[in-house]
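What follows is calculated from the coordinates using simple rules that are stated; it is not laboratory data. Here the structure is a predicted model, which means the values were calculated and not measured. For neighbour counting, all protein chains shown are included, and Cβ atoms are generated from backbone atoms with ideal geometry for every residue, glycine included.
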Amino acid sequence: MSKIRAAITGIYGYIPEDILTNKALETLVDTNDEWIKARTGIEERHILRDPEKATSYMATEAVQGLLKKTGLSPLDIDLLICASVTPDYFFPDTGTLICYNIGAKNAFAYDIQAACSGFLFSATTGAKFIESGAYKNVIVVGADKMSSITDYTDRSTCILFGDAAGAILLQPNDQGFGLQDSWMRVDGVGAEFLHMKGGGSKNPPTHETVDKKWHYLFQDGKPVFKAAVKGMAEAVNEILKRNNLSPDDIRFVVPHQANLRIIQAVADYLKFPMERVMVNIQKYGNTTSATIPLCLWEWEDQLKPGDKVILTSFGGGYTWGASLWTWAY
Ligand code: UT7
């Protein structure tokens with residue numbers, strides 16, 4: 001019997017309507033459109049303005065769109081994994097809220113928090129439940145309301161982030177399509193450079209933590225930039241080597257969208273032409289867990305069965321890695 005692999009059989013995304021342009025940011029902090037475009041590649045990002053709506057809202061929209069598109073009933077979902085650094089609550093987990101919203105009464109769910117690598121790690125994790133033969137329909141959704149942890153007085157971070165959600169459906173495939181390999185790593189040395197200090201058990205919320213702005217994301221961009229280039233290049237290289245592939249064999253590399261210069265540096269290092277690297281950071285900024293599924297969603301029409309695609313990410317932690325997929329539809 002041939003091996004059961006987990007194939008991506010559908011993708012959908014949700015992008016909030018409101019746009020925050022570079023020009024609008026010029027009115028909030030001492031920055032300008034030229035600097036932001038030149039240093040990051042970002043032109044605008046979308047923000048979920050409604051204070052009543054949170055990450056689960058965007059994720060629910062993405063998953064409902066995915067169900068409609070694939071014709072799957074919510075009752076058929078076995079497992080839903082939500083990747084996020086901006087869950088609605090510490091608990092209950094966002095995945096459970098999404099299942100409740102869509103009526104996935106036969107599913108179990110949980111969240112994975114691995115910063116910008118959350119989607120990559122979750123997709124591999126979800127795939128293992130399919131490969132084991134235990135489950136048939138696994139949804140992985142990456143969703144982040146980054147605006148909820150962004151300090152709009154800090155010009156070094158507020159220009160970077162946006163809100164969005166993206167979801168994939170994983171189903172068994174015995175024709176060789178689907179997840180082929182993944183390589184993932186973490187290194188806590190990165191905690192110093194990219195973190196949110198307040199709100200957890202180390203620094204529970206107090207007036208002081210609010211005054212110190214510890215409930216916002218903090219980033220020291222330079223070391224993260226360097227580590228991101230090295231990490232994603234290393235991960236993709238590792239995947240190529242282990243699978244006896246060259247860049248020519250890969251239809252698309254799908255990198256986490258944190259900075260266009262990081263993406264270009266990784267492509268340069270790998271000698272991979274930018275025409276086959278998915279980039280949409282100019283429209284959405286860094287949406288953390290949603291960047292990779294949003295790219296796949298946008299490029300879906302250009303993918304065909306048998307295409308080899310490498311996903312790669314780098315994020316807070318540090319967390320990083322890459323995975324190799326053979327496209328199934
Ligand atoms: O998704 C998780 C992983 N995250 C990342 O991979 C992000 C990694 N880091 C980066 O993308 C970049 O480091 C940033 C985009 C955050 C910053 O770009 P940079 O080229 O590393 O700039 P910098 O921090 O070295 O700053 C250069 C100058 C500084 O001025 P001085 O000290 O040279 O006078 C900054 O104060 O640019 C200044 N600057 C700005 N100027 C205008 C910083 N932010 C801004 C801004 N507008 N928004």
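So here's what we get for this one:
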quantity	calculated
Among Leu303, Tyr152, Leu194 the positive-end extreme of the charge dipole of the chain (Cβ point charges)	Leu303
Check: the stretch 253-329 dipole with +1 on Lys, Arg Cβ and -1 on Asp, Glu Cβ, in debye	160
Under 5 Å, built H, 5+ apart or other chain: amide partners of Met196	Phe218
Cα-centre dipole for the chain with unit charges at Cβ (Lys and Arg positive, Asp and Glu negative), debye to 20	660
Ranked packing of 146-152, 196-202, most packed first, by mean Cβ within 10 Å	146-152, 196-202
Across Lys69/Lys241; Lys271/Lys304; Lys136/Lys308; Lys128/Lys304; Lys136/Lys241, pairs whose alpha-carbon gap is larger than 25 Å	Lys69/Lys241; Lys136/Lys241
Sum of side-chain charges, Val236 neighbourhood, beta-carbon under 15 Å (Lys, Arg +1; Asp, Glu -1)	+2
15 Å beta-carbon shell around Asp248, net charge (K/R +1, D/E -1)	+2
Percent antiparallel among DSSP beta bridges (both partners in the chain, rounded to 5)	70
Cβ crowding within 10 Å averaged over residues, with 112-120, 23-31, 95-103 ranked highest first	112-120, 95-103, 23-31
Rounded to 5, the percent of DSSP beta bridges in the stretch 180-326 classed as antiparallel	75
